[in-house]
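Colleague: Encoded as structure tokens, here's the structure I'll be asking about.
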């Protein structure tokens, strides 16, 4: 839309003089720069999301394998009713995960940002190290660590410190712990960026004014770190709700999450409309939260991404 | 910000006499202690992965066991002993550079446009970039599969994986470059233009060298993202397997120890580049 508006403006400017054409070129420059990547994102991000919604309103026989579009909103109501348990379970796991991630990541990133000194980037690197190993492999390692006869519980059971029936794997605890582990960097990065940006002299000023350490934190650091907390929440909450790898690798039959259902329906049952409906629910939740975030902090805020 | 409130602090009885007295109490160890504990927790699975690449497994076919059974270099020597796994790693290592290259090209241009110019439609594009980063992978994966199924082209496999990887990497490259472009000293370019450099020359001789570190960082990020991705790839891969997809599939029947060896090698490569980056940055920061 911006393209048309600007080219129209240029055309009305008449035969370009030297200066004008340069200005015009400058004005058109961002549009030419945007074009290839913008078109790509349109085709492989925006259009697919639209088609996901389209698919979610299709109906048709799972037997014939053919689907047709007929505004089948029943897909949504049916899925929500049928998978109520998994939806509620996913959201509750995700709430616990988000809180745990924030509680674990905040003190850590606070210390690095304020007391890391010249080692800041090195310590941050240590935190991001697990990133260099594939998500799936990391999760599998936790299966070995938390296994009934694994590295941690095996020796404890041998010593008789734990009953033989004790287990963590295949329980909600394992799934929540796994998701927490995997999403911790996504929480830590925006928090670190926000905390790192805080002008340390503000804390000094608060102390000059006889503020205690706690009060300086409460009234200076905490409010200034809120953009990071929001960004961390955004990057953790909805993705954690949609996670299915942890439930699949660390969980059991009683820990199935909504992501497992979506995956199962899409890739095994090939029931695209029902799977798409569930996926759209997650997408809408994300869009709502992202819009709120953009409304409050603006889309230019790069707290989300600077640390990358 | 709330100085008026904090001024009442002395009434709480805390003696404020020496300003900024260093914290001498044992509590000063809480935060660093906690941070180091967290680092141990975060890197624990990596150590397990490396350790178990030396696990002397006796069963055939070799599958990882929970208990460490002794030290062997066998799996390191027999790195490509599992055909499916080697093929999957090869696919991953073919897709990652292609995807990273394309995403870096497209993303850099977007980053330049967003960091440099003010134009109509900028806010929606910023929002799209933001969305591409924040949207849950499962939503993106199922969206892309929906599209490929409806379009019935291209055939699900290598091409669809590559197209999808480029798609989700662009945004990451764009924000990395955007941040650098925004922090750029514009007077350097103005100086070049004052010295009669045309816009193209200015870009190649001045702008490009200045943003090169961000472009490289974006490329490496896109490379790692592609290599690591499981959720989206699993949706759009069909019968094709990348490294993470193969590993996920194998978890049901047990993992061959070569997975740990390959994981360790990829990790070492990542670590090498990360350390290099820290060293370069430190050298540059030195006056």
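The values are calculated or read from the model by the stated rules, or taken from the named source; none is laboratory data. Treat the numbers as computed from the prediction; the structure is a model and nothing was measured. Cβ: placed from backbone, ideal geometry, glycine included. Neighbour counts: every protein chain shown.
Colleague: Could you count how many residues in the stretch A:124-141 are assigned to a helix (DSSP H, G or I), facing another protein chain (nearest Cβ under 7 Å) and more than 16 Å from residue B:254 (Cβ to Cβ)? Write out each step before concluding.
Modeller: Narrowing the stretch A:124-141 to residues assigned to a helix (DSSP H, G or I): A:124-132, A:135-141.
Right, trim to facing another protein chain (nearest Cβ under 7 Å) and you get A:125-127, A:129-130, A:132, A:135-138, A:140-141.
Checking which are more than 16 Å from residue B:254 (Cβ to Cβ) leaves us with A:125-127, A:129-130, A:132, A:135, A:138.
Looking only at that region, the number is 8.
Colleague: Cβ contacts < 7 Å: first residue at positive phi and facing chain A (nearest Cβ under 8 Å), restricted to the stretch B:26-40; second residue surrounded by fewer than 15 Cβ atoms within 10 Å (Cβ to Cβ) and assigned to a helix (DSSP H, G or I), any location; separation 6+ or different chain. Result?
Modeller: Partner pairs satisfying both residue conditions: none exist.
Colleague: Which of the following residues is in the same structural domain as residue A:236 (by TED's automatic domain parsing) and in contact with a helix residue (DSSP H, G or I) (Cβ under 6 Å, 6 or more places away or on another chain): A:189, A:169, A:161?
Modeller: On the way: A:189 fails: in contact with a helix residue (DSSP H, G or I) (Cβ under 6 Å, 6 or more places away or on another chain); A:161 fails: in contact with a helix residue (DSSP H, G or I) (Cβ under 6 Å, 6 or more places away or on another chain).
One residue alone meets the criteria, A:169.
Colleague: Right, another one. With the condition kept exactly as written, say whether any residue in the stretch A:163-170 is out of contact with any strand residue (DSSP E or B) (no Cβ under 7 Å at 6 or more places or on another chain), in a helix (DSSP H, G or I) and either within 13 Å of another protein chain (Cβ to nearest Cβ) or under 17 Å from residue B:40 (Cα atoms) (or both).
Modeller: At the first step, the residues of the stretch A:163-170 found to be out of contact with any strand residue (DSSP E or B) (no Cβ under 7 Å at 6 or more places or on another chain) are A:163-170.
Narrowing further to those that are in a helix (DSSP H, G or I): none.
Within the stretch A:163-170, none of the residues are out of contact with any strand residue (DSSP E or B) (no Cβ under 7 Å at 6 or more places or on another chain), in a helix (DSSP H, G or I) and either within 13 Å of another protein chain (Cβ to nearest Cβ) or under 17 Å from residue B:40 (Cα atoms) (or both).
Colleague: I need a count of the residues in the stretch A:275-308 that are more than 7 Å from every other protein chain (Cβ to nearest Cβ), closer than 21 Å to residue A:193 by Cβ and either buried (at least 19 other Cβ atoms within 10 Å of the Cβ) or at pLDDT below 80 (or both).
Modeller: Within the stretch A:275-308, the subset more than 7 Å from every other protein chain (Cβ to nearest Cβ) is A:277-278, A:280-281, A:284-285, A:287-289, A:291-293, A:295-298, A:301, A:303, A:307.
Now narrow it down to the ones that are closer than 21 Å to residue A:193 by Cβ: A:289, A:292-293, A:295-298, A:301, A:303, A:307.
From the residues that got through so far, the ones that are either buried (at least 19 other Cβ atoms within 10 Å of the Cβ) or at pLDDT below 80 (or both) too are A:293, A:297-298, A:301, A:303, A:307.
So the answer is 6.
Colleague: Tell me which residues, restricted to the stretch A:101-122, are surrounded by 19 or more Cβ atoms within 10 Å (Cβ to Cβ), closer than 24 Å to residue B:270 by Cα and at the interface with another protein chain (Cβ under 7 Å from one of its Cβ atoms).
Modeller: Hits for the stretch A:101-122 are A:108, A:112.
Colleague: Testing residue A:226 on (1) within 10 Å of chain B (Cβ to nearest Cβ); (2) free of Cβ contacts under 8 Å to residues at least 40 places away in the same chain; (3) within 19 Å of the chain's Cα centre (by Cα); (4) under 29 Å from residue A:297 (Cβ atoms), one condition comes back false. Which one is that?
Modeller: The single condition residue A:226 does not satisfy is (1).
Colleague: Can you tell me which residue within the stretch A:256-270, out of those that are part of a loop (DSSP other than H, G, I, E, B) and within 12 Å of chain B (Cβ to nearest Cβ), is surrounded by the most Cβ atoms within 10 Å (Cβ to Cβ)? Walk me through how you get there before you give the answer.
Modeller: The initial filter retains those residues of the stretch A:256-270 that are part of a loop (DSSP other than H, G, I, E, B), namely A:256-257, A:270.
With the extra rule that they be within 12 Å of chain B (Cβ to nearest Cβ), the set shrinks to A:257, A:270.
Details: A:257: 28, A:270: 12.
Only one residue tops the list, namely A:257.
Colleague: Among the residues of the stretch A:77-100, are any farther than 29 Å from residue A:277 by Cα, within 11 Å of chain B (Cβ to nearest Cβ) and either in contact (Cβ under 8 Å) with a residue 12 or more places away in the chain or assigned to a helix (DSSP H, G or I) (or both)?
Modeller: Our first condition is that a residue be farther than 29 Å from residue A:277 by Cα; within the stretch A:77-100, this holds for A:100.
From what's left, within 11 Å of chain B (Cβ to nearest Cβ): none.
Taking every residue of the stretch A:77-100 in turn, none turns out to be farther than 29 Å from residue A:277 by Cα, within 11 Å of chain B (Cβ to nearest Cβ) and either in contact (Cβ under 8 Å) with a residue 12 or more places away in the chain or assigned to a helix (DSSP H, G or I) (or both).
Colleague: What helices (runs of 4 or more DSSP H) lie completely within the stretch A:181-255 and have 3 or more residues being surrounded by 22 or more Cβ atoms within 10 Å (Cβ to Cβ)? Before you say what the answer is, go through the steps one by one.
Modeller: Details: elements: A:200-208, A:213-216, A:222-242, A:245-250.
Correct list: A:222-242, A:245-250.
Colleague: Of the residues that make up the stretch B:80-97, is at least one away from chain A (no Cβ under 14 Å) and farther than 25 Å from residue B:228 by Cβ?
Modeller: There is no residue in the stretch B:80-97 that is away from chain A (no Cβ under 14 Å) and farther than 25 Å from residue B:228 by Cβ.
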